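Enquirer: Take this structure first; my questions come after.
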Amino acid sequence: MKRISFATLALAVLSACTTPMPRQDIERSISAVSQEPRVQFLILHYTAIDEPASLRVLSQQGVSAHYLVGDRSPVKVWQLVDESRMAYHAGLSEWKGNSKLNPSSIGIEIVNFGYKDTPQGRVYYPFPQEQIDRVIALSKDIVQRYQIRPEYVLGHSDIAPQRKSDPGPLFPWKQFADAGLIPWPDANEVTRLSEQYQTQMPEIKWFQQKLAKIGYAIPQHGNLDEATRNVLIAFQSKYRPGKFDGYPDAETAAIIDALLLKLK
């Protein structure tokens, strides 16, 4: 009788135990009530480089995005990563206590040079309306399919205010609000609250607590340090792009409170 070595027998047993189960043998008639889509966030970026370079970097290097929206007419949209897979676009990020948002988000990169520094100061590049129309249409489709909450449609600067400023102060967030994609503070409420806060400005701690309620990762020590100013800049460039110096004022306080009323 032929002798079988222990190693051969062990390999045979291991192979038998690890034979993949045919997918058709998995019972799917019962579905759990407690579940939701893995995609919770939609994050918008600008590339800071031109269209050919954007395609090359986002497809061949260590960063990626699910979609790239070009800036040449007619505007073209590329899908670079399947939505079922994770793209490397958010990096070190946080929103409402959720961190490392790559696995739970879809990223849209928008071809735009961002800004250039001139002797007269920093100048930002506008977004062509045709390009914005494509981004809004794409965002609506994604939001509808995954039922993404409006407060979870964000810019890179919202989730990483200490290191990112995109999509920048010229990105037309109000158009996204008008399209029902993000919450927006009521203008009349902002005017009313501004008059109130001009009489008595809140302390720095108030701004930190309120911005944390909106979702920003921000210190809570009551000091106007660099980290706090960076968050204020991110918030102001989104909701009050006419002035985003990172300093608290009555109008910023009013916009914060009016936005929180919308979120409730």
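Enquirer: Determine, for each peptide in 149-158, 219-228, 176-185, the mean count of other beta carbons within 10 angstrom over its residues, then list the peptides with the highest first.
Expert: Details: 149-158: 21.5, 219-228: 13.9, 176-185: 17.8.
So the order, starting with the most tightly packed, is 149-158, 176-185, 219-228.
Enquirer: Suppose we keep just the DSSP beta bridges with both residues in the chain; what percent of those would be antiparallel, to 5?
Expert: Numbers: 9 of 21 bridges.
The antiparallel fraction comes to roughly 45 percent.
Enquirer: Continuing with this model, one more query. Please work out the FRET efficiency for the pair Asp178 and Glu83, using the Cβ-Cβ distance as r and a Förster radius of 25 Å; give the result to the nearest 0.05. Please list the in-between numbers first.
Expert: On the way: r = 26 Å, r/R0 = 1.02.
FRET efficiency, Asp178 to Glu83: 0.45.
Enquirer: Give the lysines reachable from Lys238 as a straight Cα distance under 30 Å; neighbours fewer than 8 places away on the same chain don't count.
Expert: Reachable lysines: Lys76, Lys96, Lys100, Lys116, Lys140, Lys164, Lys174, Lys205, Lys210, Lys213, Lys262, Lys264.
Enquirer: Something else about it: Residues with amide H under 5 Å of Ile49's amide H, sequence separation 5 or more or different chain, H placed in the peptide plane at 1.01 Å from N; which?
Expert: For Ile49, the qualifying residues are Asn112.
Enquirer: Between (1) 22.9, 86; (2) 23.7, 99; (3) 18.3, 56, which entry matches Rg and Dmax of the Cα atoms in Å as derived from the coordinates of this structure?
Expert: Entry (2).
Enquirer: Please give the helix 6-17 orientation as an angle from the longest Cα principal axis of the chain, in degrees from 0 to 90, rounded to the nearest 10.
Expert: The angle comes out at about 50 degrees.
Enquirer: Which length gain, in nm to one decimal place, applies between Lys213 and Gln61 when the Cα-Cα distance is subtracted from 0.36 nm times their residue separation? Please list the in-between numbers first.
Expert: Values: separation 152, 0.36 × 152 = 54.72 nm, distance 3.57 nm.
Result for the pair: 51.2 nm of gain on full extension.
Enquirer: What does the charge dipole of the stretch 122-264 about its Cα centre add up to, to the nearest 20 debye, if the Cβ of each Lys and Arg holds +1 and the Cβ of each Asp and Glu holds -1? Display every interim value, and only then the final one.
Expert: Values: 18 positive and 17 negative charges, 64 e Å.
Charge dipole, the stretch 122-264, about its Cα centre: 300 debye, nearest 20.
Enquirer: Once the dipole of the chain is set up with Lys and Arg at +1 and Asp and Glu at -1 on Cβ about the Cα centre, which of Ser29, Leu260, Tyr239 lies farthest towards its positive end?
Expert: The listed residue farthest towards the positive side: Ser29.
Enquirer: To the nearest 10 degrees, how steep is helix 226-239 against the longest Cα principal axis of the chain, on a 0 to 90 scale?
Expert: 80 degrees
Enquirer: While we're on this one: Would you kindly state how much longer the chain becomes between Leu260 and Glu203 on full extension, computed as 0.36 nm times their sequence separation minus their alpha carbon distance, in nm to one decimal?
Expert: Details: separation 57, 0.36 × 57 = 20.52 nm, distance 1.76 nm.
In short, 18.8 nm is gained.
Enquirer: What FRET efficiency comes out for Thr118 versus Gln196 if R0 is 41 angstrom and r is the Cβ-Cβ distance? Round to the nearest 0.05.
Expert: Calculated value: 0.60.
Enquirer: Here's something else I'd like to know. What's the carbon and sulfur percent of the stretch 149-206's accessible surface, probe 1.4 angstrom, rounded to a whole number?
Expert: Numbers: 1360 of 2860 Å².
Here carbon and sulfur together make up 47 percent of the probe-accessible area.
Enquirer: Shifting gears a bit: Please determine, in degrees from 0 to 90 and to the nearest 10, the orientation of helix 204-214 with respect to the longest principal axis defined by the Cα atoms of the chain, where the helix direction is its Cα long axis.
Expert: With rounding to tens, the tilt is 40 degrees.
Enquirer: If you count only protein heavy atoms with a 1.4 Å probe, what accessible area per residue comes out for the stretch 126-240, rounded to a whole Å²? Display every interim value, and only then the final one.
Expert: Details: 5350 Å² over 115 residues.
Result: 47 Å² per residue.
Enquirer: Return the distance in nm (one decimal) between the two label points of a simple spin-label model at Gln144 and Glu27, each offset 7 Å from Cα along Cα→Cβ.
Expert: Computed distance between label sites Gln144 and Glu27 equals 3.7 nm.
Enquirer: Could I ask something else about it? Counting only heavy atoms of the protein chains, get the accessible area per residue of the stretch 62-122 (1.4 Å probe) and round it to a whole Å² value.
Expert: Values: 3270 Å² over 61 residues.
With all protein chains present, the stretch 62-122 gives 54 Å² per residue.
The values are calculated or read from the model by the stated rules, or taken from the named source; none is laboratory data. Computed from a predicted model, the values in this text were never measured in an experiment. Heads up, the Cβs are rebuilt from the backbone with ideal geometry, glycines too, and the neighbour counts pull from every protein chain shown. For the accessible areas, the whole protein counts, side chains as well, though only heavy atoms, and no ligand, DNA or RNA atoms are used. Shrake-Rupley method; radii C 1.70, N 1.55, O 1.52, S 1.80 Å.
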